[in-house]
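J.: One structure is given below, represented as structure tokens, and several questions about it will come after.
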Amino acid sequence: MRFNWLIAVIALALVYTFVFFYRENLAFTLFGDEVHFWDTVLLFSKEPLPSVHLLNNYPEVIAPLPFMIAGWVINIFGHSVQYLRILNLGLSFAILMLFLKISPNPGRFWLAALGLILFPYYYFCSTIFYTDILALSFILLGWVCYLKQVHWASCLFFIAAISSRQYAVVFPAVILCYELGPAVFRFSSWQASVRWALDRPYLIYYVIAGLALIAWVLFWGGLGPAPEVARQKYNDTVHKLMYKPGFVLYASACLGLYYVLPEIVLTRKLQFYGLESQQRPWLIGWVILIGLLIAFFPAEQMYDGFFVVKNLGFFDRHLELIGIKGIAKQLIFGFFMLLTILRFASPKSGMAGWVVLLNLILMGKAHIGWDKYLLPTIATLWLLTMFDKHWPLSKTEKREELVSDVSF
């Protein structure tokens, strides 16, 4: 085992070294959102402990912790975006090392590592200064501490995650839903439900973590600094009673493409709860739902006068590059959404099912549709494969190991 882990470390270190040199030592010109992120970092570098005025007026809708950390980094190492990209590349490597540390065996590690690496936005966000990798690091550390039952530390990491990207609030919410779900769905009496909750006093940590978002909202008077929220027209989408089912269709399709399909290919096994006998009556309903989404709420990008984006992301763009458009493209999205439903739409999917459900609901309130927004969801699902309790195929894996041992 130790030898296999050493091989994994060396192999990944070589890959990351190659990426570093292939990407011009991460010293290329500012790209995409880095242009305005860099200006924001410079503001925070001038105030290592930011003032109330800066926290209320910095020109981003993203929570401030990544810019604070980036300001500290460039104050220490020098005013170059290269150091911030190196930080992200290092954190990306550290995430894989975290997977390696908690993996029960090398096979499970390579399954999760390859699955995560196959998600194109993991590479994309690891080689530029976007805030996703830093937020993802806090999210995954929060998950590991929860699964290891170090709840106070999990709370702190989730607060840091929410202070990096506001959407991270969904993950302590997932934990609360998973832990309290049995009391709700097997409801017998209020007294029994209260006793169920009181038997889990550690859940208060995840309530506290969720309150971090409320604290920021109260501080800003909204979901971000008011001047920037107004400039980017977030009030027209996020703050109003507006919902985009087409974004849910696309996000579901992306989960099917980036998680369910790699899981099938890498394990050569199916775990489709939706095909089990007790779930089959729901199947036709799911197909009808997908048909309604395709017909009335197709997956299309939203043009709001501020963001002008031609497509929904990597999946959408590459379908169009090979000439798949219109209804044909929507049907492909529907097929991959069905894969996601078959894999997760059952109480048996447990924690992973809650991760998928709440994140997909959240995608309907996204400002724009984008595969990248699913990075924390996909990384969390691969993290959960490390824990037998939360990955159903581990039972098959253990049965095969037992047969192999007996044969030997």
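The values are calculated or read from the model by the stated rules, or taken from the named source; none is laboratory data. Not measured: the values here are computed from a predicted model. Note that each Cβ is placed from the backbone with ideal geometry, even for glycine, and that neighbours are counted across all protein chains shown. In case anyone asks, the SASA skips ligands and DNA or RNA and just uses the protein heavy atoms, side chains included. Shrake-Rupley method; radii C 1.70, N 1.55, O 1.52, S 1.80 Å.
J.: Residues of region 126-140 being out of contact with any Lys or Arg (no Cβ under 6 Å at 6 or more places or on another chain) and within 18 Å of Ile162 (Cα to Cα), which ones?
T.: Tyr130, Thr131, Asp132, Ile133, Leu134, Leu136, Ser137, Phe138, Ile139, Leu140
J.: Just checking, which of Gly291, Gly285 is of a type outside the set (S, T, N, Q) and free of Cβ contacts under 8 Å to residues at least 12 places away in the same chain?
T.: Exactly one residue qualifies, and that residue is Gly285.
J.: Residue check, Pro106 against (1) at pLDDT 95 or above; (2) open to solvent by 10 Å² or more (accessible area, probe 1.4 Å), all met but one. Which one?
T.: (1)
J.: For Thr40, are the conditions met, namely being out of contact with any Lys or Arg (no Cβ under 6 Å at 6 or more places or on another chain), among the hydroxyl-bearing types (Ser, Thr, Tyr) and open to solvent by 40 Å² or more (accessible area, probe 1.4 Å)?
T.: No.
J.: Still on this structure, I have one more. Just one of Leu91, Leu114 is part of a helix (DSSP H, G or I), open to solvent by 50 Å² or more (accessible area, probe 1.4 Å) and aliphatic (A, V, I, L, M); which is it? Quick ask: steps written out before the conclusion?
T.: Details: Leu91 fails: open to solvent by 50 Å² or more (accessible area, probe 1.4 Å).
Leu114 is the lone residue from the list that is part of a helix (DSSP H, G or I), open to solvent by 50 Å² or more (accessible area, probe 1.4 Å) and aliphatic (A, V, I, L, M).
J.: List the number of the failed condition for Gly369; all other conditions in (1) modelled with pLDDT of 95 or more; (2) under 17 Å from the mean Cα position of the chain (by Cα); (3) of a type outside the set (Ser, Thr, Tyr) hold.
T.: Only one criterion is unmet by Gly369, namely (1).
J.: How many residues does region 318-339 contain that are without any contact (Cβ under 8 Å) to a residue 12 or more places away in the chain, on the phi < 0 side of the Ramachandran plot and open to solvent by 50 Å² or more (accessible area, probe 1.4 Å)?
T.: 5
J.: Step by step: first the residues of region 272-317, then only those that are touching a Ser or Thr at 6+ places or on another chain (Cβ under 8 Å) and within 26 Å of His390 (Cβ to Cβ), then the one that is surrounded by the fewest Cβ atoms within 10 Å (Cβ to Cβ). Which residue is that?
T.: Start the filter on region 272-317 by keeping residues that are touching a Ser or Thr at 6+ places or on another chain (Cβ under 8 Å), which leaves 273-274, 276, 279, 302, 304.
Then drop every residue that is not within 26 Å of His390 (Cβ to Cβ), which leaves 273-274, 276, 279.
Working: Tyr273: 18, Gly274: 19, Glu276: 11, Gln279: 18.
The residue in question is Glu276.
J.: I'd like the residue in region 45-68 that is touching a residue at least 60 places away in the same chain (Cβ under 8 Å) and assigned to a loop (DSSP other than H, G, I, E, B) and, out of all such residues, is surrounded by the fewest Cβ atoms within 10 Å (Cβ to Cβ).
T.: Per the criteria, the residue is Pro59.
J.: For region 340-358, what are the residues that are closer than 21 Å to Lys372 by Cβ and either open to solvent by 20 Å² or more (accessible area, probe 1.4 Å) or not in a helix (DSSP H, G or I) (or both)?
T.: Our first condition is that a residue be closer than 21 Å to Lys372 by Cβ; within region 340-358, this holds for 340, 344, 352, 355-358.
Leu357, Leu358, listed by residue number.
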